[in-house]
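Working notes, structure below.
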């Protein structure tokens, strides 16, 4: 029993339109679901992924208009690491980002840049057997596109304190990284020394990282987390997947989310993300919720 790498990563934005312009317009991801935060249905929850909305490529954002900028610190994920296929891809992205007003720099083998709100990303050429998770964008050749998540980097002052929980969740240590690798996909979790300043949740900060579970194993993962001293929530039905949440000892909020039923449960694949989707338990709120959300134009449409 193994987790199938990273399921999704959720962050915060202050401006949904600027967010969509960058992730769908510049980075070439597909806006696969436009819905609401189920814990606060007055705000957007936007999902960007590959063409099929697959777990492993799914970067999501809560929009909180007017929220102050965040600042990553101890107990927070501070960087999202994506897979790309080649050095040619790194060169393509350096040029494309620059043409769209975003600077980047080489850091070791990777290309590092920040989104308009300061969330750090790294593109890395990696050799793994995982199928590439690619979105179809007219200005981004498929062989140069982002291929899904490789890792997240988190700040921790005491990374060894997390070892027992990560081992209970069947992560394996690989050098300075912890890897969750299942039959089809893997994802890595790395720790860095935290900055002196305390972290602040806000625009441009990561809220949580979710790891992918087969649906039939979901509750067993909950039991494994409890056995290592975590305090997971009950299983929560998010309609597109089921989730449990808990903090690992560094302070980072973990989610374990099921691989399915997926985003086509309420929209056909060819029309994902085109309209506001509300899970059945929230549909009765549409007349109240939809007018309060700022309209968003998808540059891909």
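Rule-based calculations on the coordinates, nothing more; no lab input. Note that the coordinates shown come from a computational prediction; the quantities given were computed from them, not determined experimentally. Every residue, glycine as well, gets a Cβ built from its backbone with ideal geometry; the counts of neighbours run over all protein chains shown.
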Inset, instruction - Calculate for the chain the 222 nm mean residue ellipticity that helices alone would give, adding -39,500 (n - 2.57) per DSSP H run of length 4 or more and normalising by residue count, nearest 500 deg cm²/dmol. - result: -3500 deg cm²/dmol
Inset, instruction - Round to a whole angstrom and tell me the spacing of the C-alpha centers of the stretch 1-55 and the stretch 248-301. - result: 8 Å
Inset, instruction - Give me the distance in nm between label points sitting 7 Å out from Cα along the Cα-to-Cβ direction at residue 192 and residue 247, one decimal. - result: 2.2 nm
Inset, instruction - Would you mind calculating the relative contact order of the stretch 6-292 from Cα pairs under 8 angstrom and at least 6 residues apart, reporting the percent as a whole number? - result: 24 percent
Legend entry - Efficiency of FRET between residue 131 and residue 219 - r from beta-carbon atoms, R0 25 angstrom, step 0.05: 0.35
Inset, instruction - Using per-residue counts of other Cβ atoms within 10 Å, averaged over each peptide, order 282-295, 263-276, 40-53 from highest down. - result: 40-53, 263-276, 282-295
Inset, instruction - Report, in whole Å, the centroid distance computed from the Cα atoms of the stretch 61-137 and the stretch 144-193. - result: 17 Å
Legend entry - Alpha-carbon gyration tensor eigenvalues x 5, square-rooted, for the stretch 1-129, Å: 24, 18, 15
Legend entry - Angstrom value of the Kirkwood radius, inverse mean 1/r, which spans all Cα pairs in the chain: 19.4 Å
Inset, instruction - Can you run the Rg to Rh ratio on the stretch 206-262? Use alpha carbon positions and the Kirkwood inverse-distance Rh. - result: 0.95
Legend entry - Packing-based order for 141-150, 55-64, using average beta carbon neighbours within 10 Å, highest first: 55-64, 141-150
Inset, instruction - Evaluate the stretch 144-301: find the radius of gyration of its Cα atoms, find its Kirkwood radius, and give the ratio Rg to Rh. - result: 1.00
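Out of all DSSP beta bridges with both ends in the stretch 1-120, state the antiparallel percent to the nearest 5. Could you put the intermediate results ahead of the total?
Values: 16 of 23 bridges.
Given both bridge residues lie in the stretch 1-120, the antiparallel proportion sits at roughly 70 percent.
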Inset, instruction - Quick one: work out the % antiparallel among DSSP beta bridges in the chain, nearest 5. - result: 65 percent
